[in-house]
Amino acid sequence: MASTTETARTASLNYVMTLGVAAMEGRGFYYPVDTAMGPNGRLYVLGRGHDGDQRGIQVCVMDVESEYYGVFGLAGEADGQFIWPAGIAIDREGFVYVSDEHLNRISVFDASGAFLAKWGSGGSAQGELDGPNGLAVDAEDRVLVVDHRNHRVQRFTRDGELLSSFGEEGDGPGQLNLPWGVAAASSGDVYVADWGNHRVQRFAAKGNFIATYGGPGDGDGQFHRPSSVAVDSDGFIYVADWGNERVQMLDPEGCFVAKTRGEATTSPWAQSFLDANVQEAEARSTADLDPDLAFLSGDVREESHHTQTYFWSPTSVKLDAKERLHVTDRNRHRIQVFQRS
């Protein structure tokens, strides 16, 4: 199959590798929803499990060389446990933050996964949370929390003390509708995946509105339910265009540059599984992994469902220290990695 990456202007988004494998516990992911990069070079992959099935609710720790370091977190309401884990972020000292949109709290762990603290309570008053989702840590190690059903972003200290808040429900400039993902750029600006308004919005560090990028649709630079956003050191913007089953790259002014629907290959963990399960490997070798989908008439969700190289519900985009883009490919239980050039 030809590359699914399309390029405009002067930059491209190039496929690098695939990481992970489907597993309901231990080494692997089961419906992962977000990924965070630790200062130790490790990846912390947040598994949400599936509706009605709590297996896979955990954080799996690995690196880009597919070295496995273990898991932490379980399903439940006790300290260090999750019901609906939604977002994960790590500060410069290695403290790990996980949001839980059912329990309306943020759990804090050390780099090894030991539970340290929790904070947050349900409600709509300042400092309270209703469905906390995407998380980011700014240059001063303050924690940005997307307060999903309160249609705002709140900024806290590591200990959960409220510092500031911005956003309100609506579709005007600076207003939000069920926001999902958030990114803190090196400039101090904050980018929000405004899920319900099909756009990305940019704010100054203090919450003042700067710009809106995109709008509803499936054309270049348009979005359908964007779920996550990341910004590199040159100001290029990466968006998990969840509803359109793709990732888009915009330039620093918000103009479309490139897009990809995914180019996955077999990951090292998946290859290890196939090597150990000969019958599975034989079945895969004879399967049609690139079917003719003309009959679907451009239904991107069905195309993604039937084409194993494509994303199928990309929920998160995060950049590592080398500015490689890690796309959490939720329904295929893996991460696809890309690099801008």
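The residue that is most open to solvent (accessible area, probe 1.4 Å), among those in the stretch 150-209 that are over 18 Å from Asn104 (Cβ atoms) and basic (Lys, Arg), is Lys206. Within the stretch 226-247, being buried (at least 16 other Cβ atoms within 10 Å of the Cβ) and out of contact with any Leu (no Cβ under 9 Å at 6 or more places or on another chain) holds for Pro226, Ser227, Ser228, Val229, Ala240, Asp241, Trp242, Gly243, Asn244, Glu245, Arg246. If you check Thr286, Thr260 for being among the β-branched types (Val, Ile, Thr) and over 25 Å from the mean Cα position of the chain (by Cα), only one passes: Thr286. Of the residues Asp110, Asp159, Asp147, the single one that is of a type in the set (Asp, Glu) and over 26 Å from Ala204 (Cα atoms) is Asp110.
Asn40 meets all of the listed conditions (1) open to solvent by 20 Å² or more (accessible area, probe 1.4 Å); (2) in contact (Cβ under 8 Å) with a residue 60 or more places away in the chain; (3) part of a strand (DSSP E or B) but one, namely (3).
In the condition set (1) at positive phi; (2) out of contact with any Asp or Glu (no Cβ under 8 Å at 6 or more places or on another chain), Asp290 is compliant with all but (1). Filter the stretch 43-88 for residues that are within 21 Å of Leu116 (Cα to Cα) and of a type in the set (D, E, K, R); which is most open to solvent (accessible area, probe 1.4 Å)? Across the stretch 43-88, the extreme among qualifying residues is Glu77. Of everything in the stretch 90-112 that is open to solvent by less than 10 Å² (accessible area, probe 1.4 Å) and small (Gly, Ala, Ser), the residue that is nearest to the chain's Cα centre (by Cα) is Ser99. If you go through the stretch 168-204 and keep only what is in a loop (DSSP other than H, G, I, E, B) and touching a strand residue (DSSP E or B) at 6+ places or on another chain (Cβ under 7 Å), you end up with Glu168, Pro173, Gly174, Gln175, Asn177, Pro179, Trp180, Gly181, Ala185, Asp189, His198, Ala204. Residues being open to solvent by 20 Å² or more (accessible area, probe 1.4 Å), in contact (Cβ under 8 Å) with a residue 60 or more places away in the chain, more than 29 Å from Glu67 (Cα to Cα) and not hydroxyl-bearing (Ser, Thr, Tyr) are represented in the stretch 295-311 by at least one member.
The number of residues in the stretch 49-77 being at pLDDT below 95 and within 18 Å of the chain's Cα centre (by Cα) comes to 3.
Filtered by the rule that a residue be assigned to a helix (DSSP H, G or I), over 18 Å from Val239 (Cα atoms), at pLDDT below 95 and out of contact with any Pro (no Cβ under 6 Å at 6 or more places or on another chain), the stretch 299-341 gives Glu302, Glu303, His305. Remark: pairs (first residue in the stretch 224-248, closer than 12 Å to Tyr191 by Cα and assigned to a strand (DSSP E or B); second residue open to solvent by less than 10 Å² (accessible area, probe 1.4 Å) and among the aromatic types (Phe, Trp, Tyr); Cβ separation under 6 Å; 6+ apart in sequence or on different chains) = Val229/Tyr191; Ala230/Tyr238; Val231/Tyr191.
The values are calculated or read from the model by the stated rules, or taken from the named source; none is laboratory data. Model, not experiment: these values are computed from the prediction. Here the Cβ is made from the backbone with ideal geometry for all residues, glycine too, and neighbour counts use every protein chain on show. The protein model used for the area step is the full one, side chains on, heavy atoms only, and it has no ligands, DNA or RNA in it. Shrake-Rupley method; radii C 1.70, N 1.55, O 1.52, S 1.80 Å.
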